[in-house]
Amino acid sequence: MNPTLKALLITLALVVAGALIFPSSYYFRVGALVWINTISVTGIVVLLGYVGLVSLGHAGFFAIGAYAVALLPAYGVPSVRPCSSAQR
């Protein structure tokens, strides 16, 4: 089995198991925030560590996304909650 596919299946199994174990949606929100920050940091590590480039684009896109999520509810756009189908 391909190592990437194996890691993907393990991650998927952990997410499904987490839906059965966690008592409230708070833990899903914290997990989603950790996952988003992990993706952002991984991109920066690849650019700075392996390539040696300094990039402010990651911070810019992260800031634009955070600003949009904070501003859109003020104009009546409902916020999308992570893992909303798993809430109890």
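Some observations on this one:
- Within region 27-38, restricting attention to residues that are among the β-branched types (Val, Ile, Thr) and surrounded by 11 or more Cβ atoms within 10 Å (Cβ to Cβ), the residue that is nearest to the chain's Cα centre (by Cα) is Ile36.
- Residue in region 1-12 that is in a helix (DSSP H, G or I), loosely packed, with under 11 Cβ neighbours inside 10 Å and modelled with pLDDT under 85 present: no
Conditions (1) at pLDDT 80 or above; (2) exposed (fewer than 10 other Cβ atoms within 10 Å of the Cβ), marked per residue:
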| position | (1), (2) |
| --- | --- |
| Ser25 | no, no |
| Ser40 | yes, no |
| Val46 | yes, no |
| Leu56 | no, yes |
| Tyr67 | yes, no |
| Leu71 | yes, no |
| Pro78 | no, yes |
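The values are calculated or read from the model by the stated rules, or taken from the named source; none is laboratory data. Predicted model only: the values in this text are computed from it and were never measured. Positions of Cβ are backbone-derived with ideal geometry, glycine not excepted, and every protein chain shown enters the neighbour counts.
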